[in-house]
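Below is one structure, written out as structure tokens; the observations come after it.
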Amino acid sequence: MAEAGYQYLLLILGMGLVTYIPRWFPLLWLARRRLPEWFIEWLDLVPVAILSALIFSDLFVVGEPRHVELLQSKSLVAIPTLLFALKTRSLGGTVIMGMALFWLRTSYHWGS
Amino acid sequence: MKARPPTPAIAAEGMPDPARARLAEGEEPLRASIRAGLEAAWPICIGYLPLGLAFGVLAQKEGLSLLDIALMSAVVFAGSSQFIAVAMLGLGASPLSIILTTFIVNSRHILMSSALAVHLQGLSRSFLSLYAYGITDESFAVNIARFKEAGWHPYRALAVNHTANLAWIGSTILGGYCGQFIAAGSFGIDYALSAMFLSLIVFQLKGRIYAYTALITGLVAAALSLVHPGHSFIIIASLLGASLGFALKRYDRRRRGIDG
């Protein structure tokens, strides 16, 4: 039992180390030097790219093995949620609205 | 989808006002930073709750103690890789293969860390090292949106990171302790992070180039995720999408004859 605990500890420390390095190294390396203009311009597009990659795979790719399903609860609820976000530009309001719509949709299969 | 009228602000934004000076002056009381961080972080906290609970339940079933769970959430602090690690433990995978998988899954933070560096120019090594610990998909998305609006103090961003961190640790412990008694799917809570990302990308769409970049990257990511197991599709699609968007921007500028 004690040995298993020790194994877990080593595993956790190893996971922590390999997770921390990709978070730490670019920040330390890039934040303390002058970056070329083109690189800043390129980096400026990175957030929207990452967010979009996360959103598309979250909304349209489901199941195991993964497959595309264009119309299901997550993607359908995304439409009014996105419109609400565009209209109000409110993060908190959009989160509440998205949750409420998803709750309605999954509880009552509203909208289908 | 209705396109937003492009704002003129997409021309070279230049460097953000030097965060370093503001930090050195210490013009903002720590309490105000923490407060602002808490206010910005609450959607993350709501989103982490169901994920943390689920993780706690699974981890406990695989034989991790509450202390192990707390330690893993505190030391690793990366949701999807923690789920994968627990699943691999269940399959009897070796620690080394779990660590390697963790590295691959979390290497996507390289890009986020690079993009954040633009807004954390010239800050001390110790601040950056502390900040790096809290870079996740969610804290990155929230903070980068605020940084781009300008006036987001690095301490506030740090407060967001650590609030999210505490919420994650707390909800995973709660999951390990009593997760099986909480009904899954209550209050649409499973949609909190999806809605948060949708809202945050709206803030990022400040012009045509951003919209094209988002569309290209999203389609590539969805396609890649089908043929590529794991999470590397996020980093590959983002690199590709951002580069194509950048090329498009350059081409656009040259065509209009204002190449700079």
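The table below gives the values:
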read-out	value
B:Leu89, sole failed condition from (1) buried (at least 22 other Cβ atoms within 10 Å of the Cβ); (2) under 23 Å from A:Leu13 (Cβ atoms)	(1)
Extreme residue, farthest from B:Ser97 (Cα to Cα), among residues of the range B:194-235 that are part of a loop (DSSP other than H, G, I, E, B) and without any contact (Cβ under 8 Å) to a residue 40 or more places away in the chain	B:His228
Matching option when the condition is facing chain B (nearest Cβ under 7 Å), part of a helix (DSSP H, G or I) and of a type in the set (Val, Ile, Thr), among A:Ile79, A:Ile21, A:Ile12	A:Ile12
Per-region count, the range A:62-111, residues surrounded by 19 or more Cβ atoms within 10 Å (Cβ to Cβ) and over 12 Å from B:Tyr191 (Cβ atoms)	4
Residue identified as surrounded by fewer than 19 Cβ atoms within 10 Å (Cβ to Cβ), within 24 Å of B:Ile234 (Cβ to Cβ) and either within 8 Å of chain A (Cβ to nearest Cβ) or β-branched (Val, Ile, Thr) (or both) among B:Ile104, B:Ile98, B:Ile84, B:Ile135	B:Ile104
Residue that is among the small types (Gly, Ala, Ser), in contact with a Ser or Thr (Cβ under 7 Å, 6 or more places away or on another chain) and at the interface with chain A (Cβ under 7 Å from one of its Cβ atoms), where the choices are B:Ala192, B:Ala214	B:Ala214
Filter result for B:Ile69 (touching a Gly at 6+ places or on another chain (Cβ under 9 Å), more than 9 Å from chain A (Cβ to nearest Cβ) and either outside any helix (DSSP H, G or I) or modelled with pLDDT of 85 or more (or both))	yes
Options B:Tyr251, B:Tyr177, B:Tyr191, B:Tyr212; residue that is more than 19 Å from the chain's Cα centre (by Cα) and within 24 Å of B:Ile84 (Cα to Cα)	B:Tyr177
Residue in the range A:40-61 that is assigned to a loop (DSSP other than H, G, I, E, B) and over 20 Å from B:Gln82 (Cα atoms) present	no
Within the range B:101-143, tally of residues that are within 20 Å of B:Ala40 (Cα to Cα) and of a type in the set (D, E, K, R)	2
Subset of the range B:115-132 [part of a helix (DSSP H, G or I) and either within 11 Å of the chain's Cα centre (by Cα) or buried (at least 21 other Cβ atoms within 10 Å of the Cβ) (or both)]	B:Ala115, B:Leu116, B:Ala117, B:Leu128, B:Tyr131, B:Ala132
Residues satisfying the stated conditions in the range B:13-41, i.e. at pLDDT 90 or above and crowded, with 16+ Cβ neighbours inside 10 Å	B:Ser33, B:Ile34, B:Ala36, B:Gly37, B:Ala40, B:Ala41
Count - residues of the range B:60-71 that are surrounded by 20 or more Cβ atoms within 10 Å (Cβ to Cβ), touching a residue at least 40 places away in the same chain (Cβ under 8 Å) and farther than 9 Å from B:Gly175 by Cα	2
Residue within the range A:25-38 that is within 23 Å of B:Leu215 (Cβ to Cβ) and either more than 7 Å from chain B (Cβ to nearest Cβ) or modelled with pLDDT under 90 (or both) present	yes
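The values are calculated or read from the model by the stated rules, or taken from the named source; none is laboratory data. Keep in mind it's a predicted model, so treat the numbers as computed, not measured. Heads up, the Cβs are rebuilt from the backbone with ideal geometry, glycines too, and the neighbour counts pull from every protein chain shown.
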